[in-house]
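Q: There's a structure below that I have some questions on.
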Amino acid sequence: MAEVLEKNKDQSFRLVQITDSHLFADSSTIFDGLNTYETLKDVVNLAIQQQDNIDCVLCTGDLTQDSSIEAYHHFIDAMSVMDAPQLWIPGNHDIRSQMQQVLEQNSIHLSRSVVLGNWRIIMLNSSVEGQVHGMLDQKELADLDFELADSERNNSNVLICVHHNCLPVKAAWLQQHCLKNSDELFSITDKYSHVKGILYGHIHQEFEAIRNDVKIMATPSTCIQFHPTNDEFKIDNANPGYRWLELEPDGGIKTKVERVEEKNYNIDFSSTGY
Ligand SMILES: [Fe+2]
Ligand SMILES: [Fe+2]
């Protein structure tokens, strides 16, 4: 059953999405010219300066690059200044069992879903060990269908979070790394009119679209950005960032991407991979 974080159905909720921090066991590691631990802390500091009250933080995968216990501890340390419940899902660089090991037994971080007033947030695991692309297995799809039927009975609006992109990107190299069975995801969500948003990371760029009245959103990484249109791997010159979302009681979603502005990073644009 979904954990209830807030019962009041008349209020709006402010969420922050932090994604693709790609931390390493050694927090001084430089990755394509960036120290990912430093850039995560820069983004987190920006978020807490800009957001007065955060109701929940959505951490949508690739929390680490090397899936080490040490890297997950660094993630917890960097996020500790955020005074809000966090929900985590694994990305292609994560290992869920490693994530579990750094969390307390009763923590909500890896919950399937939570309730915030008139909203239910559903977290899906699209990672396939050893693969860059994503896939929702039968358990994830069945749980999604169950959660959507249950939340429909409660007259809730729904935001779904997943790591991999379920809509195509323009950059050809990235397309093969998408969620491979997004048709199965959509065949479930299309049955319900209370699904209002689908949110992901993975593509390291800002993206927004409307599909079947559902807002589809992707968010910049807290470290390097992928060029949105280049057909081969190319790092974009945009700075690290995050997304905030305001979930309104009537099902509306206000949202915006914010990036670190007052800092020049030493990004290695000659990198041919990540
Ligand atoms: Fe990533
Ligand atoms: Fe990813």
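All of the numbers you see were taken from the coordinates with simple rules; none came from a lab. Note that the structure is a prediction, hence the values are computed from the model and not measured. Ideal geometry is used to build each Cβ from the backbone, glycine not excepted, and the neighbour counts take in all protein chains shown.
Q: How many residues does the stretch 153-176 contain that are more than 16 Å from ligand 1 (Cβ to nearest atom) and either within 19 Å of the chain's Cα centre (by Cα) or free of Cβ contacts under 8 Å to residues at least 40 places away in the same chain (or both)? Outline the logic, then answer.
A: Filtering the stretch 153-176 down to residues more than 16 Å from ligand 1 (Cβ to nearest atom) leaves 153-160, 167-168, 170, 172.
Next cut, either within 19 Å of the chain's Cα centre (by Cα) or free of Cβ contacts under 8 Å to residues at least 40 places away in the same chain (or both) only: 153-155, 157-160, 167-168.
Adding up the residues that qualify gives 9.
Q: Another one. Does the stretch 177-186 include one or more residues that are under 16 Å from Val16 (Cβ atoms) and not in a loop (DSSP other than H, G, I, E, B)?
A: No.
Q: Name the residues in the stretch 2-52 that are in contact with a helix residue (DSSP H, G or I) (Cβ under 8 Å, 6 or more places away or on another chain), touching a residue at least 40 places away in the same chain (Cβ under 8 Å), more than 16 Å from ligand 1 (Cβ to nearest atom) and in a loop (DSSP other than H, G, I, E, B), would you?
A: Ala2, Ala25, Asp26, Ser27
Q: Continuing with the same structure: Could you grab me the full set of residues in the stretch 90-119 that are touching a strand residue (DSSP E or B) at 6+ places or on another chain (Cβ under 9 Å), more than 16 Å from ligand 1 (Cβ to nearest atom) and assigned to a loop (DSSP other than H, G, I, E, B)?
A: Scanning the stretch 90-119 gives Leu103, Ser107, Ile108, His109, Leu110, Ser111, Arg112, Gly117, Asn118.
Q: Also, I was wondering about something else. I want to confirm something. Restricting to the stretch 177-217 and keeping residues that are closer than 20 Å to Asp137 by Cβ, charged (D, E, K, R) and free of Cβ contacts under 8 Å to residues at least 40 places away in the same chain, which single residue is farthest from ligand 2 (Cβ to nearest atom)?
A: Taking the candidates together, the pick is Asp190.
Q: Working only within the stretch 53-89, note down all residues that are more than 11 Å from His109 (Cβ to Cβ) and within 14 Å of ligand 1 (Cβ to nearest atom).
A: Selection gives Thr60, Gly61, Asp62, Thr64, Gln65, Asp66, Ser67, Ala71.
Q: Can you name every residue in the stretch 213-240 that is assigned to a loop (DSSP other than H, G, I, E, B) and crowded, with 24+ Cβ neighbours inside 10 Å? Full working, then the answer.
A: Taking the stretch 213-240 first, the residues assigned to a loop (DSSP other than H, G, I, E, B) are 213, 219-224, 227-234, 237-240.
Correct list: Thr219, Pro220, Ser221, Thr222, Cys223, Ile224, Pro240.
Q: Now for a separate question. Is at least one residue of the stretch 72-84 closer than 29 Å to Phe269 by Cβ, touching a residue at least 60 places away in the same chain (Cβ under 8 Å), outside any loop (DSSP other than H, G, I, E, B) and aliphatic (A, V, I, L, M)?
A: yes
Q: Let me ask you something else. Could you tell me which residue of the stretch 18-75 is surrounded by the fewest Cβ atoms within 10 Å (Cβ to Cβ), considering only residues that are at positive phi and within 16 Å of ligand 2 (Cβ to nearest atom)?
A: Asp32
Q: Sort through Asp145, Asp150 and tell me the only one that's surrounded by fewer than 18 Cβ atoms within 10 Å (Cβ to Cβ), in contact with a helix residue (DSSP H, G or I) (Cβ under 8 Å, 6 or more places away or on another chain) and touching a residue at least 40 places away in the same chain (Cβ under 8 Å).
A: It is Asp145.
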